[in-house]
């Protein structure tokens, strides 16, 4: 859909911009056509020597990178097979030793291959802008104007400032976000895994990984089902318990007759201020089998034997949900307090006059208003909880782990993804789970985002 | 006011208040107890993670001293300096990135604006560390996972994401009236001058917020640092160090020192966090009026 949008935008642009690519190719004449092959030629001939030389240098540089032995074309040509040669031992008669000949490394082939494809895409962009710029230079020369290189540099601080400001963030984003994502996603279609020792050489396997993960009969598929169900249960309870309990506490603090409101809120918000990894590691230590909580309960005579907080599946699951309340309720209080103060006081006064008791007031005035305002917040919280790595990893590390499983009983999709890639080196399965998580989050967020006010306002951007 | 309320209502209100106060006090105790416990533990004289009394039986400040004198297993000052340096650099870079992107998406009209914003949103939807392993491979291919280049790698990792985290700043810049820009341009300012002399000064509270938030990133994160620094202890950040103090091999000696370290880290970070909240509220409350 965005494609058609950009096309429409491009059509509008063309009317506004006389130096578009199609105009250049149509009206440019032989000089432009030649400079389609030799980038920058039109600029050089029309007096913009430095700019033209830069375009030329880009073209030569990229082509040299692609064409040299072990350059871009080599990696791209290896992409379909991902390398076949294993590392070989060769007997060297002269020296009397075995020599090792490096084989192919599929992982490097995949990375360099994708990077080379990206560079070709960039070359196409540079080519487009060189043709346009050449055409513009020719037009300007015909009109008798002259734009020097200095003028171009100056325009970077003025009408072209977005080119200057956007380039560094975009480059970082491309190299350290987009390229890795493409790379990782492509791993989902290979057998890159420690299993069957495919860590050095691996192949494309099509949708096989997706099939095995979604097949509830296979061992990995069954685990995926378990983890997915627990992730959803967790996200549901973590979100709604936090929301309702947080709202409840916020309303209590907001009671007219309660003093020291700031003090109460301040005490509770300490869990926000202290770094999460510190507080969660403290809690983990307190909840150990021999930890202080069990010790205190034993000493007080409340329990006869130690409670298996982190070692029994059910206990651990309940424990993480409760600890998440401990971490999350202050956030809700922070959010809700402002909103509560925005509810018009007249509504409550009118309700009191009509004889409504506080519970009725809460159900009929406060709750509908809160739900109306907070829906986007709740949905963001829900998606955030699906992705909540810290609380699970720092608190239980996904344990308890049943023998033979790769996912523990409290593992969410994200912590499982982390374990599969970092600890167990089953990159292909990790990538499948990553893609799946993305699809779930994308659907949820797009629905929310599309219906949110900020998106609609954005449409009105002039 | 109180006189108008009939006696029965008043009694009911007072019971309500008392119940509420008790409830809030219990909550506060539950919320503060772990922090109180860890502070007391950090002054405990002794070893081991598991003890039989809630409060220590003997007190000492040796745990704090040991953090700064015992470098055998975990070099705390070194980690502190590592994290501080990385945080400073990545905070400068990511603040610059966020400001640039926010300005361009909020104030300027350019062809790729909408596609860029959509792309940023899509990237934000991927689990952050899905790409982490791939980032590690890329950095390795660039030869940046050995020696002091690890610092550079960490700085890049912490600031690379800034290109997509511009939404709050953009939202703020959207509230600055366009007429200010136009007036400045009429007076002959270039867009660069508008950016540096009009927009940036007006965004000051938000910039402070952004600076502190990105400064705090490396202190809080430990996934990226763990994958990139791995077992090379001299490049660890504070969070990996603290995490490792609780590993089985070290926990016996290091637990009390972990508590001391946790206290030392939490104090400045909490103060910075409160500062960000203040700035954020100031920024949102006093948004620029045309």
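For this structure, a couple of remarks:
- Failed criterion for residue A:377 (all others in (1) surrounded by 14 or more Cβ atoms within 10 Å (Cβ to Cβ); (2) farther than 30 Å from residue B:129 by Cα; (3) free of Cβ contacts under 8 Å to residues at least 60 places away in the same chain; (4) more than 13 Å from every other protein chain (Cβ to nearest Cβ) hold): (2)
- For the condition over 21 Å from residue A:161 (Cα atoms) and in a helix (DSSP H, G or I), residue B:207 does not qualify.
Every residue, every condition in (1) part of a helix (DSSP H, G or I); (2) more than 30 Å from residue A:359 (Cβ to Cβ); (3) more than 14 Å from chain B (Cβ to nearest Cβ); (4) more than 30 Å from the chain's Cα centre (by Cα), yes or no:
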{"site": "A:211", "(1), (2), (3), (4)": "yes, yes, yes, no"}
{"site": "A:221", "(1), (2), (3), (4)": "yes, yes, yes, no"}
{"site": "A:233", "(1), (2), (3), (4)": "yes, no, yes, no"}
{"site": "A:252", "(1), (2), (3), (4)": "yes, no, no, yes"}
{"site": "A:259", "(1), (2), (3), (4)": "no, no, no, yes"}
{"site": "A:262", "(1), (2), (3), (4)": "yes, no, no, yes"}
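- Residue under evaluation residue B:55, criteria (1) out of contact with any helix residue (DSSP H, G or I) (no Cβ under 7 Å at 6 or more places or on another chain); (2) outside the structural domain of residue B:242 (by TED's automatic domain parsing); (3) exposed (fewer than 14 other Cβ atoms within 10 Å of the Cβ), criterion not met: (1)
- Any hit, the stretch A:411-424, residues being surrounded by 20 or more Cβ atoms within 10 Å (Cβ to Cβ), touching a strand residue (DSSP E or B) at 6+ places or on another chain (Cβ under 7 Å) and either over 16 Å from residue A:234 (Cβ atoms) or within 9 Å of chain B (Cβ to nearest Cβ) (or both): no
- Filter result (at the interface with chain B (Cβ under 7 Å from one of its Cβ atoms), touching a residue at least 12 places away in the same chain (Cβ under 8 Å) and assigned to a helix (DSSP H, G or I)) within the stretch A:277-316: A:277, A:279, A:281, A:283
- Failed condition for residue B:74, given (1) surrounded by 15 or more Cβ atoms within 10 Å (Cβ to Cβ); (2) outside any loop (DSSP other than H, G, I, E, B): (2)
So that you can scan it fast, the table gives a plain yes or no per residue for (1) surrounded by fewer than 21 Cβ atoms within 10 Å (Cβ to Cβ); (2) at the interface with another protein chain (Cβ under 9 Å from one of its Cβ atoms); (3) not in a helix (DSSP H, G or I):
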| position | (1), (2), (3) |
| --- | --- |
| A:118 | yes, no, no |
| A:122 | yes, no, no |
| A:147 | yes, no, yes |
| A:154 | yes, yes, no |
| A:162 | no, yes, no |
| A:175 | yes, yes, no |
| A:179 | yes, yes, no |
| A:186 | yes, no, no |
| A:200 | yes, no, yes |
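- Under the condition of being within 13 Å of chain A (Cβ to nearest Cβ) and either over 19 Å from the mean Cα position of the chain (by Cα) or without any contact (Cβ under 8 Å) to a residue 40 or more places away in the chain (or both), the residues counted in the stretch B:199-228 number 6.
- Within the set B:25, B:42, the sole residue that is surrounded by 11 or more Cβ atoms within 10 Å (Cβ to Cβ) and touching a residue at least 24 places away in the same chain (Cβ under 8 Å) turns out to be B:42.
- Just one of the numbered conditions (1) within 11 Å of another protein chain (Cβ to nearest Cβ); (2) surrounded by fewer than 19 Cβ atoms within 10 Å (Cβ to Cβ); (3) more than 22 Å from the chain's Cα centre (by Cα) is not true of residue B:275: (3).
- Verdict on residue A:28 being in contact with a helix residue (DSSP H, G or I) (Cβ under 7 Å, 6 or more places away or on another chain), at pLDDT below 80, more than 30 Å from residue B:119 (Cα to Cα) and surrounded by 14 or more Cβ atoms within 10 Å (Cβ to Cβ): yes
- Residue within the stretch A:77-99 that is crowded, with 18+ Cβ neighbours inside 10 Å, within 21 Å of residue A:146 (Cβ to Cβ) and assigned by TED's automatic domain parsing to the domain that holds residue A:137 present: no
- The numbered conditions (1) in a helix (DSSP H, G or I); (2) over 30 Å from residue A:170 (Cα atoms); (3) within 13 Å of chain A (Cβ to nearest Cβ) are all true for residue B:135 except (2).
- Taken as a whole, the condition of being in a helix (DSSP H, G or I), surrounded by 21 or more Cβ atoms within 10 Å (Cβ to Cβ) and either touching a helix residue (DSSP H, G or I) at 6+ places or on another chain (Cβ under 7 Å) or within 7 Å of chain A (Cβ to nearest Cβ) (or both) applies to residue B:153.
- Hey, residue B:104 within 11 Å of another protein chain (Cβ to nearest Cβ) and assigned to a helix (DSSP H, G or I) or not: yes
The values are calculated or read from the model by the stated rules, or taken from the named source; none is laboratory data. Remember, it's a predicted structure, so these values are computed and weren't measured experimentally. When we count neighbours, we look across all protein chains shown, and the Cβ atoms used for this are built from the backbone with ideal geometry, even at glycine.
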